[in-house]
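See below for the structure under consideration.
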Amino acid sequence: MKEILGKYIPDQAVEPVFELIKALGVHLKIVDERVTRHGDYRRLADGGHQITVNTNLNTYRFLITLIHEIAHLVAFQKYGARIKPHGKEWKYTFQNLMLPFIRPEIFPKQILPVIANHFKNPKASSDTDAKLMLALKEFDPSNDKNYIFEIPEGSYFKIYNGKIFKKGARRVKRYECIETASGRIYLFQPNAEVELIK
């Protein structure tokens, strides 16, 4: 298990993460990319615990995602199954579990302040924190994707399923975009990754 973890998370995080997984009896599955999520936690029918994390995440995003999912398990065990999935109990648990990892031996110095700031009040997804998302993206392999907020209004873009949209105006937090084939309006989060059509 340590060898596998070493492929996906920073070296200095391997031992403490391994001990956490072992102590909690987590079955970790590394899965192909899912567009809608980086990871998830599920209690199995036999009472075991399964966490899945996408294989395509960079080491820092993988670590944050894995601890995010472990925090669900720990929060449910400590506070009961009726708590909100990303409520105050989960936030408190996530902060405490992440704290030992927020150090320069694990994360690059240039993103440590952004990570520390995020964990003052962690969000349901690291992708909803634009500063953290952009800081982590610096460590992704280069690709032809842009975030919606980066492309000009009126631009055409394609999403993962091949559908083409025209970017419209920002409405409060999200962007109103028109699907070219149907004329229907969809709302996109500013940090949705899309492929700009030039």
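The values are calculated or read from the model by the stated rules, or taken from the named source; none is laboratory data. Since the model is a prediction, treat every value here as computed from it, not as a measurement. Cβ coordinates were reconstructed from backbone atoms using ideal geometry, including for glycine residues, and neighbour counts include every protein chain displayed.
Residues in segment 31-53 include none that are hydroxyl-bearing (Ser, Thr, Tyr) and over 18 Å from the mean Cα position of the chain (by Cα).
Among the conditions (1) touching an Asp or Glu at 6+ places or on another chain (Cβ under 6 Å); (2) closer than 24 Å to Lys91 by Cα, Asn56 misses just one, which is (2). Considering only residues in segment 188-198 that are part of a strand (DSSP E or B) and either within 20 Å of the chain's Cα centre (by Cα) or aromatic (Phe, Trp, Tyr) (or both), the one that is surrounded by the fewest Cβ atoms within 10 Å (Cβ to Cβ) turns out to be Glu195. Residues considered: Ile70, Ile83. Of these, the only one that is surrounded by 13 or more Cβ atoms within 10 Å (Cβ to Cβ) and free of Cβ contacts under 8 Å to residues at least 12 places away in the same chain is Ile83.
Results for (1) in contact (Cβ under 8 Å) with a residue 24 or more places away in the chain; (2) in contact with a His (Cβ under 9 Å, 6 or more places away or on another chain); (3) charged (D, E, K, R), shown as yes or no for each residue.
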{"residue": "Lys109", "(1), (2), (3)": "no, no, yes"}
{"residue": "Asn121", "(1), (2), (3)": "yes, no, no"}
{"residue": "Lys158", "(1), (2), (3)": "yes, no, yes"}
{"residue": "Leu196", "(1), (2), (3)": "yes, no, no"}
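Checked against the criterion of being of a type in the set (Asp, Glu) and surrounded by 13 or more Cβ atoms within 10 Å (Cβ to Cβ), the candidates Glu89, Glu105 yield just one match: Glu89.
Only residues that are touching a strand residue (DSSP E or B) at 6+ places or on another chain (Cβ under 8 Å), free of Cβ contacts under 8 Å to residues at least 40 places away in the same chain and under 15 Å from Met1 (Cβ atoms) were counted across segment 11-42, and they come to 5. Picking from residues in segment 143-198 that are under 21 Å from Asp127 (Cβ atoms) and among the acidic types (Asp, Glu), the one that is modelled with the highest pLDDT is Glu176. Contact map, segment 43-58: first residue within 19 Å of Leu132 (Cα to Cα), second residue at pLDDT 90 or above and hydroxyl-bearing (Ser, Thr, Tyr), Cβ cut-off under 7 Å, separation 6 or more or different chains; pairs are Val53/Thr65; Leu57/Thr65. Summed over segment 140-156, the residues that are without any contact (Cβ under 8 Å) to a residue 12 or more places away in the chain and surrounded by 12 or more Cβ atoms within 10 Å (Cβ to Cβ) give a count of 1.
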